[in-house]
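Chemist: What follows is a single structure, and I will ask about it in a moment.
The values are calculated or read from the model by the stated rules, or taken from the named source; none is laboratory data. Computed from a predicted model, the values in this text were never measured in an experiment. Neighbour counts are summed over all protein chains in view; Cβ atoms, including those assigned to glycine, are modelled from backbone coordinates with ideal geometry. Surface areas here come from the heavy atoms of the whole protein model, side chains and all, with no ligands, DNA or RNA. Shrake-Rupley method; radii C 1.70, N 1.55, O 1.52, S 1.80 Å.
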Amino acid sequence: MSAITNHLPTAELQALDAAHHMHPFTTNDDLAAKGARIITRANGVYLHDSEGNEILDGMAGLWCVNIGYGREELADVAARQMKELPYYNTFFMTTHVPAIALAKEIASLAPDHLNQVFFAGSGSEANDTNLRMVRTYWAMKGKPTKSIIISRKNAYHGSSVGSGSLGGMTPMHEQGGLPIPDIMHINQPHWWAEGGDATPEDFGLACAQELEAAILQMGEDRVAAFIAEPIQGAGGVIIPPNTYWPEIQRICDKYEILLIADEVICGFGRTGNWFGSETLGIRPDIMTIAKGLSSGYQPIGGSIVSDEVAAVINSGEFNHGYTYSGHPVAAAVALENLRILQDENVLDHVRNVAGPALAEMWNGLGGHPLVGETKIIGMMASLALTPNKETRAKFAADAGTAGFMCRERSFANNLIMRHVYDRLVISPPLVITPEEITLLGQRARTALDEAYVQMKDLGLLKAAS
Ligand SMILES: *Cc1c(COP(=O)(O)O)cnc(C)c1O
């Protein structure tokens, strides 16, 4: 076997990648023609590529590297755990210390009534667990008809058949026969794009009341649960109006519908609290976790389950689980990540230092001619690109054209920002410093300036009629 290393020329690595590696959410033929960017190493908030660029990672990988790159403590813990016990399952009436310790730690950080953890290898797997768990819960309580799960359009809950069905991404549903039966999607509280003439408050309330209408339409005896991200991440960092979540909570309580908060992005400090549910005042029955749980250093996810749901599920056999549920190396690394978040007061840093600095920088971009609203909570932020701020107009060009151009100019300026159609989003490592935030802001502004000139030259600044 000949070694493939970082020392090979970029073009050679790109050719090998194109020949054998199918990328997720990618038109691989287009990528093969262009050549993938090869990331070679990373430290702090910076990535390095095979061309010698130092890139500021405004996305913390995929919303996950909360403590930043290059923390050797996690590598040391992984090596130690691999030597001691690299793997054992938790199926055969067996357990091990990393799973015990991590479950206990998660329970202590989670809201009081959430004290049990079911581990998975990813957020998608955890949401598959949730889907089966809430239906099983009602069946075990003698109400097997309560099987419908209500979700939202443009939600992201993962990419497996179950979690992709829970999600509300149309391009995903168009492939492979999703969604599976008994999943229903109501509108998202996305005021900028869909609020029309309503105030954000009225719109938020109306969106939440769609849940009540859906329950009444299907019948209370058919609905098992409502699932939502406290703040939609992949959908474009959509921060709901203040009226939204209290009304959702009221409706879930009134009709005894289980509430699943998908905390895969919001969890572990992203919004300035341990969980987005605290920031938004939600009382979920189950929380989905992944991403920031291990800061992405190991693949691990899970479901944090309320005492009430756990009491029912634990009274029988739940025929569900993954080979890597509670994987000892992943669990040990996640535990070390949680230790660092606590010992280094990372949440205080988010609340008092990085969050305010990021908000000031981000809201400052609101004056740019391409930018409509800017939105931010904690360390997740988005902005709307628009040809007309007053009317919140969309561009005449295909949705995503402006966003893609901004993203490309951002990459060209060594900043990773992501676009969701014509929204730009950032979600940097929580440990980012004010100086690094200033640099992020400068590069974002340059990217917007360059995209503006490009769009002007191409006649793309027109509003859709
Ligand atoms: C990323 C994500 C998932 C899926 O997690 P994977 O680890 O990619 O399977 C689920 N829910 C939300 C909110 C996410 O952002």
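Chemist: Is it the case that segment 290-303 has a residue that's among the aromatic types (Phe, Trp, Tyr), assigned by TED's automatic domain parsing to the domain that holds Asp253 and modelled with pLDDT of 95 or more?
Modeler: yes
Chemist: Another question, if that's okay. So, in segment 143-183, of the ones that are within 15 Å of the ligand (Cβ to nearest atom) and part of a helix (DSSP H, G or I), which residue ends up surrounded by the most Cβ atoms within 10 Å (Cβ to Cβ)?
Modeler: Taking the candidates together, the pick is Leu166.
Chemist: Is it the case that Asn242 is surrounded by fewer than 22 Cβ atoms within 10 Å (Cβ to Cβ), under 30 Å from Ala206 (Cβ atoms) and either away from the ligand (no atom under 16 Å from the Cβ) or at pLDDT 95 or above (or both)?
Modeler: Here the answer is yes, as Asn242 does meet what is asked.
Chemist: In addition: Identify the residue in segment 1-38 that is without any contact (Cβ under 8 Å) to a residue 12 or more places away in the chain and β-branched (Val, Ile, Thr) and, among all such residues, is most open to solvent (accessible area, probe 1.4 Å).
Modeler: Thr27
Chemist: Would you check if there is a residue in segment 213-229 being at negative phi and touching a Gly at 6+ places or on another chain (Cβ under 7 Å)?
Modeler: No: segment 213-229 contains no residue that is at negative phi and touching a Gly at 6+ places or on another chain (Cβ under 7 Å).
Chemist: On the basis of being in contact (Cβ under 8 Å) with a residue 40 or more places away in the chain, over 21 Å from the mean Cα position of the chain (by Cα) and either over 22 Å from Ile183 (Cα atoms) or in a helix (DSSP H, G or I) (or both), does Leu216 make the cut?
Modeler: Taking the combined requirement at face value, the residue does not satisfy it.
Chemist: Can we say Ile227 is in contact with a strand residue (DSSP E or B) (Cβ under 9 Å, 6 or more places away or on another chain), at pLDDT 95 or above, within 16 Å of the ligand (Cβ to nearest atom) and not in a loop (DSSP other than H, G, I, E, B)?
Modeler: Details: in contact with a strand residue (DSSP E or B) (Cβ under 9 Å, 6 or more places away or on another chain): yes; at pLDDT 95 or above: yes; within 16 Å of the ligand (Cβ to nearest atom): yes; not in a loop (DSSP other than H, G, I, E, B): yes.
It is true that Ile227 is in contact with a strand residue (DSSP E or B) (Cβ under 9 Å, 6 or more places away or on another chain), at pLDDT 95 or above, within 16 Å of the ligand (Cβ to nearest atom) and not in a loop (DSSP other than H, G, I, E, B).
Chemist: In segment 76-96, what count of residues is obtained for those that are in contact (Cβ under 8 Å) with a residue 12 or more places away in the chain and among the aliphatic types (A, V, I, L, M)?
Modeler: Result for segment 76-96: 4.
Chemist: A follow-up question, please. Look at segment 415-460 and say how many of its residues are open to solvent by 10 Å² or more (accessible area, probe 1.4 Å) and among the β-branched types (Val, Ile, Thr).
Modeler: 7
Chemist: So Glu436 clears everything in (1) closer than 29 Å to Pro171 by Cβ; (2) in contact (Cβ under 8 Å) with a residue 12 or more places away in the chain except one condition, right? Which one?
Modeler: Result: Glu436 passes all but (1).
Chemist: Condition first: without any contact (Cβ under 8 Å) to a residue 24 or more places away in the chain, closer than 30 Å to Arg80 by Cβ, away from the ligand (no atom under 16 Å from the Cβ) and not in a loop (DSSP other than H, G, I, E, B). Can you find one or more residues in segment 105-119 that meet it?
Modeler: Yes: segment 105-119 contains one or more residues that are without any contact (Cβ under 8 Å) to a residue 24 or more places away in the chain, closer than 30 Å to Arg80 by Cβ, away from the ligand (no atom under 16 Å from the Cβ) and not in a loop (DSSP other than H, G, I, E, B).
Chemist: Being under 16 Å from Gly195 (Cα atoms) and under 20 Å from the mean Cα position of the chain (by Cα) is the filter here, so list the residues in segment 238-255 that pass it. I'd like the intermediate steps shown before the answer.
Modeler: The initial filter retains those residues of segment 238-255 that are under 16 Å from Gly195 (Cα atoms), namely 238-244.
Passing the criteria: Ile238, Ile239, Pro240, Pro241, Tyr244.
Chemist: In addition: For segment 272-292, how many residues are open to solvent by less than 10 Å² (accessible area, probe 1.4 Å) and under 23 Å from Gly236 (Cβ atoms)?
Modeler: 10
Chemist: Could you please let me know if Gly269 is within 13 Å of the ligand (Cβ to nearest atom), more than 25 Å from His320 (Cβ to Cβ) and assigned to a loop (DSSP other than H, G, I, E, B)? First the steps, then the outcome.
Modeler: Working: within 13 Å of the ligand (Cβ to nearest atom): no; more than 25 Å from His320 (Cβ to Cβ): yes; assigned to a loop (DSSP other than H, G, I, E, B): yes.
So Gly269 does not fit the description; no.
Chemist: On to the next question. Out of Ala357, Ala399, Ala463, Ala412, which single residue is outside the structural domain of Asn43 (by TED's automatic domain parsing), out of contact with any Cys (no Cβ under 9 Å at 6 or more places or on another chain) and surrounded by fewer than 22 Cβ atoms within 10 Å (Cβ to Cβ)?
Modeler: Ala463
Chemist: Only one of (1) open to solvent by 10 Å² or more (accessible area, probe 1.4 Å); (2) touching a residue at least 24 places away in the same chain (Cβ under 8 Å) is not met by Leu365, so which one is it?
Modeler: All conditions are met except number (1).
Chemist: Another question, if that's okay. Which members of segment 281-309 meet the condition of being touching a residue at least 40 places away in the same chain (Cβ under 8 Å) and away from the ligand (no atom under 16 Å from the Cβ)? First the steps, then the outcome.
Modeler: The initial filter retains those residues of segment 281-309 that are touching a residue at least 40 places away in the same chain (Cβ under 8 Å), namely 282-309.
Selection gives Arg283, Asp285, Val305, Ser306, Asp307, Glu308, Val309.
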